[in-house]
Amino acid sequence: MQLVVARVGRAHGIKGEVTVEVRTDEPELRLSPGAVLLTDPAGTGPLTIEAGRVHSGRLLLRFEGVRDRTAAEALRNTLLIADVDPDELPAEEDEYYDHQLMDLDVVLADGTEIGRITEISHLPSQDLFIVERPDGTELMIPFVEDIVTEIDLEEQRAVIDPPPGLIDDRAEIASARDEEGSDASDDSDASDDSDVSGESREGAS
């Protein structure tokens, strides 16, 4: 199975180094010296990592045969792709590869269907599940233990315990408006006489 593990950024310096946008939870494994990576576009690769280092919080790589800034800049926006055994599992418990999580059904603890994972977005602060709902709309679910309480690969589902508003924000807003309207109606009834109150009940019916 082929997985995108990084995207090449701009050239760094004059000796062929490039910055990379890491798209894997295991850069020390996928982007280590000696790793041979396929590319998109395919004609750019395969590329063999010769060296890597961290500079100002960013990973820099140098590839075999890339010796100057011009050659490095030509790689900009190239996707780096690792060929991974689909049966391979992450080294750490409770970690998952993106391909294991894709297409999982997202449900509540009581089995209520929320949607299906169509994408995993890796942000600096956390990972997000992009979930497509049955009506075609999308939700973003933070992949954190407090919200995603269970990943069941055998049952192909992710169980979530969302905080208020995460999956039902429109319903929450509508409910709040209804409550405000109800409160306003109650205040009005309290200040009117019984005849007006009777009209309000009739109108409601």
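Applying a threshold of 9 Å to beta carbon distances and a minimum spacing of six or more residues, or different chains, the list of pairs starting in the stretch 34-55 at a residue that is under 11 Å from Leu79 (Cβ atoms) and open to solvent by less than 70 Å² (accessible area, probe 1.4 Å) and ending at one that is among the basic types (Lys, Arg) and outside any helix (DSSP H, G or I) is empty. Suppose we keep only residues that are of a type in the set (D, E, K, R) and open to solvent by less than 40 Å² (accessible area, probe 1.4 Å) within the stretch 23-33. Which one would you say is farthest from Glu64 (Cα to Cα)? So the residue we want is Glu26. Does Val84 satisfy the condition of being closer than 24 Å to Leu123 by Cα and in contact with a Phe, Trp or Tyr (Cβ under 9 Å, 6 or more places away or on another chain)? Yes, satisfied.
For the structure I just gave you, tell me whether Ile14 is in a loop (DSSP other than H, G, I, E, B) and of a type in the set (A, V, I, L, M, F, W, C). Judged against the criteria, Ile14 is a match. The set of residues in the stretch 56-87 being without any contact (Cβ under 8 Å) to a residue 12 or more places away in the chain and either assigned to a strand (DSSP E or B) or among the acidic types (Asp, Glu) (or both) consists of Asp87 alone.
The values are calculated or read from the model by the stated rules, or taken from the named source; none is laboratory data. Because the structure is a prediction, the values reported are computed rather than measured. Quick reminder, even Gly has a Cβ in these numbers, built from the backbone with ideal geometry, and neighbours come from all protein chains shown. For accessibility, only protein heavy atoms count, side chains too; no ligands or nucleic acids. Shrake-Rupley method; radii C 1.70, N 1.55, O 1.52, S 1.80 Å.
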